[in-house]
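The numbers here are math on the coordinates, done by the rules we state, and not lab data. In this text, all values refer to a predicted model and were calculated from it rather than measured experimentally. Virtual Cβ from ideal backbone geometry, glycine too; neighbours counted across all protein chains shown.
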Amino acid sequence: MSTPINPLQVRLEPWSEADLGLLRLLNSPEMTEHLGGPETEEQIKARHKRYLETGAMLAIVIGPNRDTAGSIGYWSKVWQGEDVYEIGWGILPPYQGRGLATQAATAAIALARAERKHRYIHAFPSVDNPASNAVCRKLGFALAGECDFEYPPGSTMRCNDWKLDLEALSSPG
C-alpha cells in the first residue's frame, strides 16, 4: 500500500503556461483509459489554451519540492436543464492510491462552495473507473444513476452521475 500524502502538503495552483507538460502526461493511454483515449497534440494545445483562458483548471502540487501530481478543475455547465458545476480530476500514476484525489477534490469543492454560484456539483466518472467512483463516495456525493456522457466530443461513454449539494451543512471529506 502506498503512503498517504499529508493534506497539509497538498496545494491547488492556477493553471499556467508551464502546465502544458502536465497536460501531455495526463494524456497518456494509461491516464485516458476511462476517457476515450489520448487526444492529438493539436487537441492538447487547444485544451491548454482553454484552461489558461477559463481558469477552470488547477494543478495539484505537493510537498516542499512542489511536485506536480495531477490536475483538478470545476466549471459551470447546464445538466438536465439546471445550472451546476462539473468537477473532474486526474492524478499521475506515481501519486495514485495515496488519497490525493480525495484531498484535491475536497479543496476544489470548498472553492466552488465559496463562490455560491451553483447549488450542486456533479462528477461523471466512467462506470468502469473504480478509483474515481470511490472518491465520489468518500466525499459524500449521492449517486443519481448511470448516464450517457459525451466525452471526448464526438464520443459517448457510460458514466455514473454523482451529485453533491454545496449548500448542505456538512463539508465533504
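Find out how many positive minus negative residues lie around Ala56, taking Lys and Arg as positive, Asp and Glu as negative, among other residues whose Cβ is under 13 Å from that of Ala56. Display every interim value, and only then the final one.
Working: positive: Arg47, Lys49, Arg50, Lys77, Lys117; negative: Asp19, Glu53, Glu86, Glu115.
Charge balance near Ala56 sits at +1.
Could you derive backbone 3J(HN,Hα) for the stretch 45-59 from the dihedral phi with the Karplus parameters 6.51, -1.76 and 1.60 (θ = phi - 60°), listing whole Hz in sequence and x where the residue is Gly or Pro?
For the stretch 45-59, the Karplus curve yields 4, 5, 4, 4, 4, 4, 4, 5, 6, 8, x, 7, 10, 10, 8 Hz.
In nm, to one decimal, how far is the modelled label at Lys77 from the one at Thr156, with both set 7 Å along Cα→Cβ?
1.6
Going 7 Å from the Cα of Arg11 along its beta-carbon direction, which residues of the stretch 36-59 have the amide nitrogen within less than 20 Å of the resulting point?
Counting backbone N atoms under 20 Å from the label point, the list is 52, 55-59.
What number comes out for the charge environment of Arg11, summing +1 per Lys or Arg and -1 per Asp or Glu over other residues with Cβ under 13 Å away?
-1
Quick one: how many lysine pairs in the chain have C-alpha atoms under 24 angstrom apart, if they're 8 or more apart or on different chains? Kindly include the intermediate steps, with their values, before the conclusion.
Numbers: Lys45/Lys77; Lys49/Lys77; Lys77/Lys117; Lys77/Lys138; Lys77/Lys163; Lys117/Lys138; Lys117/Lys163; Lys138/Lys163.
Step by step, the pairs that qualify in the chain add up to 8.
Give the long-range amide H neighbours of Glu33: residues separated by 5 or more places, or on another chain, with amide H under 5 Å away, using H modelled in the peptide plane at 1.01 Å from N.
Amide H neighbours of Glu33: none.
Report, by chain and number, residues whose modeled amide H sits under 5 Å from the one on Tyr120, excluding near sequence neighbours (fewer than 5 apart, same chain).
Amide H neighbours of Tyr120, under 5 Å, 5+ apart: Tyr85, Leu166.
Can you show me the helix-derived [θ] at 222 nm for the chain, built from DSSP H runs with n ≥ 4 at -39,500 (n - 2.57) apiece and divided by the number of residues, rounded to the nearest 500.
For the chain, the value works out to -8000 deg cm²/dmol.
Using amide H atoms built in the peptide plane, which far-off residues or other-chain residues are under 5 Å from Met57 H to H?
Trp15
Please report the spacing between the Cα centers of the stretch 58-135 and the stretch 12-49 in Å, no decimals.
15
Would you mind telling me the antiparallel percentage of the DSSP bridges in the stretch 17-155, rounded to 5? If you can, show how the numbers build up before the last one.
Details: 16 of 19 bridges.
If we restrict to bridges inside the stretch 17-155, about 85 percent are antiparallel.
Order of Val127, Val135 from fewest to most other C-beta atoms within 10 Å?
Values: Val127 13, Val135 25.
Ranked by crowding around the Cβ, least crowded first: Val127, Val135.
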